[in-house]
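Visitor: I'd like to ask you about the structure that follows.
The values are calculated or read from the model by the stated rules, or taken from the named source; none is laboratory data. Since we're looking at a predicted model, the values are computed, not measured. Here the Cβ positions follow ideal geometry from the backbone for every residue, glycine too, while neighbour counts run over all protein chains shown. When the accessible area is computed, the model is the full protein with side chains, heavy atoms only, and any ligands, DNA or RNA have been set aside. Shrake-Rupley method; radii C 1.70, N 1.55, O 1.52, S 1.80 Å.
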Amino acid sequence: GDLPDDLDQYPSEGISQGYIAIAHDGTEVRVRARGGEHTLTVKSGPARTRVEEEIEIDEPRFESLWRLTAGRRIEKRRYLLPAGDQLVGDR
């Protein structure tokens with residue numbers, strides 16, 4: 001759906017994400033920093049059931065792996081929006 005006009009009024013956090021490898025079949029290996037946590041994630045290629053493994057890593061390991069992602073990085077912001085009946089969705 002459409003985003004609210006006052007999006008900046010909702011809680012949010014920044015996410016730094018870099019891809020170490022992306023295979024032709026869609027398999028990817030990425031590192032992510034979000035809210036003081038650092039993770040290494042491996043996702044299988046496109047299929048009916050996609051497998052995802054996420055491993056928490058410490059900041060020095062993240063920084064070491066981050067160097068490998070040059071040219072394959074994104075910065076994004078995730079917002080927590082009310083979704084009715086006390087549910088919250090992120091966008």
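Visitor: If the Cβ limit is 7 Å and pairs must be 6+ apart or interchain, which residue in the range 1-16 that is more than 30 Å from Leu68 (Cα to Cα) pairs with which residue that is modelled with pLDDT of 85 or more and part of a strand (DSSP E or B)?
Guide: Short answer, once both residue conditions are applied: Leu7/Tyr79; Tyr10/Tyr79.
Visitor: Considering each of Leu81, Leu40 in turn, give the residue that is within 30 Å of Tyr10 (Cβ to Cβ) and at pLDDT below 95.
Guide: Values: Leu40 fails: at pLDDT below 95.
Exactly one residue qualifies, and that residue is Leu81.
Visitor: Do any residues in the range 50-67 that are under 11 Å from Leu40 (Cα atoms) and of a type in the set (A, V, I, L, M) have Cβ atoms under 8 Å from those of residues that are modelled with pLDDT of 95 or more and in a helix (DSSP H, G or I), where the two are at least six apart or on different chains, and which pairs are they?
Guide: Note: pairs meeting the criteria are Ile57/Leu65.
Visitor: Only one residue in Leu40, Leu81 is surrounded by 12 or more Cβ atoms within 10 Å (Cβ to Cβ) and over 16 Å from the mean Cα position of the chain (by Cα), so which one is that? Give the derivation first.
Guide: Details: Leu40 fails: over 16 Å from the mean Cα position of the chain (by Cα).
After applying the criteria, what remains is Leu81.
Visitor: When the range 48-64 is examined, which residues are found to be open to solvent by 70 Å² or more (accessible area, probe 1.4 Å) and outside any strand (DSSP E or B)? If you could, list the steps in order and put the result at the bottom.
Guide: Residues of the range 48-64 that are open to solvent by 70 Å² or more (accessible area, probe 1.4 Å), as a first pass: 48-56, 58-61, 63.
Scanning the range 48-64 gives Arg48, Thr49, Arg50, Val51, Asp58, Glu59, Pro60, Arg61, Glu63.
Visitor: Quick one: which of Arg67, Arg30 is over 27 Å from Leu3 (Cα atoms) and open to solvent by 90 Å² or more (accessible area, probe 1.4 Å)?
Guide: Details: Arg30 fails: open to solvent by 90 Å² or more (accessible area, probe 1.4 Å).
Sole residue among the options that is over 27 Å from Leu3 (Cα atoms) and open to solvent by 90 Å² or more (accessible area, probe 1.4 Å): Arg67.
Visitor: Do we have Leu3 as outside any strand (DSSP E or B), open to solvent by less than 90 Å² (accessible area, probe 1.4 Å) and out of contact with any Gly (no Cβ under 8 Å at 6 or more places or on another chain) here?
Guide: yes
Visitor: Could you pull out the residue among Gly14, Gly45 that is in a loop (DSSP other than H, G, I, E, B), within 18 Å of the chain's Cα centre (by Cα) and exposed (fewer than 15 other Cβ atoms within 10 Å of the Cβ)? Outline the logic, then answer.
Guide: Details: Gly14 fails: in a loop (DSSP other than H, G, I, E, B).
It is Gly45.
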